[in-house]
1. Step by step: first the residues of region 327-373, then only those that are under 29 Å from Gln46 (Cβ atoms), part of a loop (DSSP other than H, G, I, E, B) and acidic (Asp, Glu), then the one that is most open to solvent (accessible area, probe 1.4 Å). Which residue is that?
2. Quick check on my filter: what residues within region 46-71 are of a type in the set (A, V, I, L, M, F, W, C), in a strand (DSSP E or B) and surrounded by fewer than 20 Cβ atoms within 10 Å (Cβ to Cβ)?
3. Considering region 116-130 alone, what residues qualify as being aliphatic (A, V, I, L, M) and either closer than 24 Å to Phe403 by Cβ or open to solvent by 20 Å² or more (accessible area, probe 1.4 Å) (or both)?
4. Residues in region 72-102 that are over 14 Å from the mean Cα position of the chain (by Cα), surrounded by 13 or more Cβ atoms within 10 Å (Cβ to Cβ) and part of a helix (DSSP H, G or I): how many?
5. Give me the pairs, please: first residue somewhere in region 232-243 and modelled with pLDDT of 95 or more, second residue anywhere and surrounded by fewer than 21 Cβ atoms within 10 Å (Cβ to Cβ) and among the hydroxyl-bearing types (Ser, Thr, Tyr), beta-carbon distance under 7 Å, and either six or more positions apart or on two chains.
6. From the list Ala445, Ala416, which one is buried (at least 18 other Cβ atoms within 10 Å of the Cβ), free of Cβ contacts under 8 Å to residues at least 60 places away in the same chain and under 27 Å from Leu176 (Cβ atoms)?
7. Given the criterion surrounded by fewer than 20 Cβ atoms within 10 Å (Cβ to Cβ), touching a residue at least 12 places away in the same chain (Cβ under 8 Å), within 20 Å of Glu433 (Cα to Cα) and not small (Gly, Ala, Ser), identify the matching residue among Leu217, Leu203, Leu254.
Amino acid sequence: REFPKIKSWHKANGKEENMKKKVALLLVVTMMCALLGGCGAKQKEQVSVLIKLPALTMPTLNDPECQQTGDFIKKAWDQFAAQYEKYDVTSNIVVFEQTDYQSNIVDCYGTEKGADLMFGGYFTISGYIYDGYAVPFDDIITDDIRAEFSESSWAQSKGNNGKTYLMPFYALQNVLSYNKDMFKQCGLDEYCYDDNAIHGWSLDDWEIILSTLAEKLPAGQYPMMMYGANNQGDTHTMIQLRCKGSNFFNEEGLFNLNTPEGIAALQWIKDNYDKGYYPQNAENLTINDNQELFANGQLALYVYNTALAQYSEQYDLGFVNFPGSTEGGVNSNWLTGFMAFDNGDPKRVEVIKDFVKFIYETPELMEYSTGGVPCSKTVIEKYKDQIKMSDEFLKNEANTVDFTANNPNWAGVREAFWPHINALLAGDETAEEAAAGLDADCNAAITSVERKLHE
């Protein structure tokens, strides 16, 4: 009769033991969840973005390890990703050759290989505004960010709808530098000024200088840069085509070189080549070939901007504007900065805009703009004594000309431009034929595309 009671006691005792085990297990699971950041916590969504940029020299004053634009972008991204909370983000940073814009940017629109962000010179990327994929940055430009940059910087960053498609970072003004030792060797001491001011020479001065250099320089040395093998450096040739008074563009922003002034400028370039003022076989040379000649002391005059400041340490240089129709001469100036694209994934656009805003609100990262002449007022004030010729460049802005007229399809324009310079130098086209061909082909590139804007 007692057995049932004993059995019942064992059963109750077993339940109690099971309950203790369950409670203990629950405590262990709870502790593990706490250690793992919360049981059932939602995982952050993963977003991967693609950043593309051309290979550009970018030696900065704040970071001696930074020598290329890719170095800067990598460091900026690592800092951004470490503190970003919206998504779990990764990036693929692709650096491409400057001749490969078409295959890396335009040909990839709307695909998985489409760039979400690009860092580059405005003269190259401004045409992308009208392809319909570039997205404006106005929604991330705070009052503090806007106040940090001049009105002229913002004005150069807009599409024709008034929206901002480029975040200005630094500027590069292109002038010419000349090797004073080579000038003095040829008796041109009067043009070797003691200051770093950017001077201007009349066309008569240019003829005296170039003819003297051609006559007196040893074999294998040349007076002035010139090239026509591809589209690199085409901007500097375009600038010189104003030397006889051409405005280059008409009122509609189209090429307008088939005029007496435009033809005369093309003839001036051809005559200079025939007189020996340019390197031999210039039609088959690239700007990089000319840079090598200059670095080796074989070229007296070569382009100069802040990114090429190393040559002022190698040689005693003077500075002058490109030849223009007035003695002051002309120069080109463009912003370098960020442009974002919409390839159909709004989260990628969101991340890229947050990344750019992070850079512009992080003083340490803004100081990487010392790779050129910083657009940031704070950075230029801090580093102005260390940036060679910063004051001279600012004073020389009065001689800056607009060399793109904010045209679409500038990549197409560049592909249409250089073959005519190549043919002119090679003697396959006359100045008249080159002028007509440049107007026809470059304007066809401009008008062949519909101007679309992503708003």
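The values are calculated or read from the model by the stated rules, or taken from the named source; none is laboratory data. Please read all numbers here as calculations on a predicted model, not as lab measurements. Glycine gets a Cβ as well: all are built from the backbone with ideal geometry, and neighbour counts include every protein chain shown. Calculation scope for accessible area: heavy atoms of the full protein, side chains included, ligands and nucleic acids excluded. Shrake-Rupley method; radii C 1.70, N 1.55, O 1.52, S 1.80 Å.
1. Filtering region 327-373 for residues under 29 Å from Gln46 (Cβ atoms) gives 337-362, 364-366, 368.
Checking the rest, the ones that are also part of a loop (DSSP other than H, G, I, E, B) come to 342-345, 361-362.
Filter once more, keeping what is acidic (Asp, Glu): 342, 345, 361.
Values: Asp342: 40, Asp345: 57, Glu361: 104 Å².
Only one residue fits best here, namely Glu361.
2. First, the residues of region 46-71 that are of a type in the set (A, V, I, L, M, F, W, C): 47, 49-51, 53, 55-56, 58, 61, 66.
Then drop every residue that is not in a strand (DSSP E or B), which leaves 47, 49-51, 53.
Val47 - this is the single residue of region 46-71 that is of a type in the set (A, V, I, L, M, F, W, C), in a strand (DSSP E or B) and surrounded by fewer than 20 Cβ atoms within 10 Å (Cβ to Cβ).
3. Of all residues in region 116-130, those aliphatic (A, V, I, L, M) come to 117-118, 125, 129.
Scanning region 116-130 gives Met118, Ile125, Ile129.
4. Of the residues in region 72-102, 8 are over 14 Å from the mean Cα position of the chain (by Cα), surrounded by 13 or more Cβ atoms within 10 Å (Cβ to Cβ) and part of a helix (DSSP H, G or I).
5. These pairs meet every condition: Arg242/Ser325; Cys243/Ser325.
6. On the way: Ala445 fails: under 27 Å from Leu176 (Cβ atoms).
Answer to the check: Ala416.
7. Details: Leu217 fails: within 20 Å of Glu433 (Cα to Cα); Leu203 fails: within 20 Å of Glu433 (Cα to Cα).
Result of the check over Leu217, Leu203, Leu254: Leu254.
Results for (1) among the aromatic types (Phe, Trp, Tyr); (2) out of contact with any Asp or Glu (no Cβ under 6 Å at 6 or more places or on another chain), shown as yes or no for each residue.
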{"position": "Leu217", "(1), (2)": "no, yes"}
{"position": "Ala229", "(1), (2)": "no, yes"}
{"position": "Phe249", "(1), (2)": "yes, yes"}
{"position": "Glu252", "(1), (2)": "no, yes"}
{"position": "Asn258", "(1), (2)": "no, no"}
{"position": "Leu266", "(1), (2)": "no, yes"}
